[in-house]
1. At ASP102 and GLU179, where each label point lies 7 Å from the Cα along Cα→Cβ, what is the point-to-point distance in nanometres?
2. When only alpha-carbon atoms count, how far does region 287-372 stretch along each of its three principal axes, as whole angstroms with the largest first?
3. Which aspartates and glutamates, on any chain, are close to LYS204 with Cα under 20 Å apart, when same-chain ones fewer than 8 places away are left out?
4. Between THR187, THR124, THR68, find the one with the highest GNM mean-square fluctuation for the chain; connect C-alpha pairs within less than 10 Å.
5. Going Cα to Cα from LYS333, which aspartates and glutamates come in below 15 Å? Please leave out same-chain ones fewer than 8 positions away.
6. Please identify the helices of the chain, taking whole runs of DSSP H, that span at least 24 Å along their own axis as judged from the Cα atoms and have a mean Kyte-Doolittle score of -0.5 or higher.
7. Would you kindly state how much longer the chain becomes between GLU347 and LYS239 on full extension, computed as 0.36 nm times their sequence separation minus their alpha carbon distance, in nm to one decimal?
8. Can you list the residues, at least 5 places off or on another chain, whose amide H is less than 5 Å from the amide H of ARG328, using H built in the peptide plane?
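No lab work stands behind these numbers, since they all come straight from the coordinates. Please read these numbers as outputs of a predicted model, since none were measured by experiment. Note: ideal-geometry Cβ built from the backbone for every residue, glycine included; neighbour counts use all protein chains shown.
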Amino acid sequence: TTKRRQTDLKMLPGLCLGRTVRHLRVLGRAWKRWQPRLEGDSSACATLPFTMPKRYLVTSFDPSHGLTDEQIAIQKLAINFARNEMLPNMAIWDEKELFPVDTMRAAAALGFGAVYASEEFGGTGLSRLDASIIFEALSQGCTSTTAYISIHNMCAWMIDKFGNKSQREQWIPQLASMEKFASYCLTEPGAGSDAGSLSTTAKKVGEELILNGSKAFISGGGDTDVYLVMCRTGSEGPKGISCVLVEKGTPGLNFGTKEKKIGWNSQPTRMVIFEDCRVPVINIIGDEGQGFNIAMKGLNGGRINIASCSLGAAQASIEAAADHVKVRKQFGKPLSSFQNSQFRLAEMSTELVASRLLVRNAATALQDDHPDAVTLCSMAKYYATEKCFNIINEALQLHGGYGYLKDYSVQQYLRDSRVHMILEGTNEVMRILIARHILAD
């Protein structure tokens with residue numbers, strides 16, 4: 001039927017993306033088989049039954065530099081979606097505080113709903129670096145909406161990585177399509193950076209867990225369908241924490257009023273409250289007592305994701321500032337002819353490239369289970385979110401008074417990026433993690 005053909009065409013980009021990913025995975029497995037034969041014998045390359053995708057080592061102001069042809073294709077798909085579907089609506093989503101469900105589901109149809117979840121149950125199966133590239137591109141269209149999509153992706157990965165087969169089979173297809181939306185519930189009114197001291201409890205009674213407590217600053221809270229809740233099922237400290245999946249509509253699950261924020265207005269933020277909330281014991285993700293570990297592993301990727309959102313906002317802000325100073329005239333000359341403008345753009349661009357290098361390096365380290373991955377993710381999150389916020393602030397300054405008007409997107413990039421230095425672990429905590437690693441015996 002015509003309707004079915006239209007649906008098939010809508011899914012085509014995501015299907016093509018999936019085929020590309022599977023093709024690359026086959027090449028990777030073949031490389032592992034042939035690599036031992038090639039070591040020490042460069043002539044053996046001529047006998048390879050395939051051609052490995054070319055890799056580059058350069059990262060530049062152009063975010064496509066240093067990427068493979070396949071990654072560039074994925075990036076273009078995300079950029080086009082950001083420019084056509086997100087950017088024209090960014091201001092109205094912010095002003096009216098709209099949660100753009102339909103647009104996010106359209107993004108999911110392209111494969112962006114569960115980017116680095118495995119393909120077994122419907123994830124896209126891409127790498128952490130691929131995910132960073134996607135979120136950087138999408139955030140140029142709307143940083144706030146992309147940040148929520150990145151949190152949703154983190155939740156999908158946690159279920160895919162630590163859930164049992166039944167849980168993965170039930171939830172990954174729905175999260176990958178964004179038929180269902182997910183929220184990550186760790187922070188509490190009395191437990192922010194000291195997450196191991198959380199007080200939300202889950203007491204086992206028969207085959208049920210009874211949850212009591214509250215979570216604060218939950219992205220999507222009240223509007224989303226699935227809540228991954230870190231709660232205390234055992235003793236004090238991190239080892240007594242479990243990860244429990246709670247569905248919206250469960251008796252005893254309630255929400256606070258919608259928070260009024262300076263940014264991130266396209267995603268609702270509320271307290272999530274549990275009052276004798278009963279969920280089946282089988283809703284525990286992973287093992288009992290593994291919740292803190294699951295939460296931290298999720299955040300390692302979340303830190304790369306949110307830093308990537310900062311990269312996209314900074315890239316868009318520099319480009320907007322460069323365009324503005326070329327046309328804005330003072331003292332009879334365009335602002336671009338003044339050394340002050342030139343030096344500021346040079347500094348901003350250098351800091352952006354340095355930030356991108358750190359983020360992409362950390363994404364690769366996390367993908368490869370590098371022993372310093374946690375430290376590198378902390379470095380990338382701390383450095384990129386701070387430098388990119390400063391870049392956007394400088395871009396606003398180059399706009400002069402116009403930058404303070406809501407007609408210009410740079411002010412929204414500024415408001416939406418400020419919180420990146422607070423969430424997914426404050427930048428103060430990032431410094432602690434880095435220093436702990438450096439000072440370890």
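1. Placing both labels 7 Å along Cα→Cβ, they lie 2.0 nm apart.
2. 69, 21, 14
3. Leaving aside aspartates and glutamates fewer than 8 places away in the same chain, those within reach of LYS204 are GLU236, GLU247, GLU275, ASP276, ASP287, GLU288.
4. THR68
5. ASP323
6. Working: long enough: 2-38 (52 Å, -0.77); 143-162 (28 Å, 0.31); 291-327 (54 Å, 0.40); 339-367 (42 Å, -0.02); 373-398 (36 Å, 0.44).
Those that pass (Cα extent of 24 Å or more, hydropathy at least -0.5) are 143-162, 291-327, 339-367, 373-398.
7. Numbers: separation 108, 0.36 × 108 = 38.88 nm, distance 4.51 nm.
Gain on stretching GLU347 to LYS239: 34.4 nm.
8. For ARG328, the qualifying residues are LEU335.
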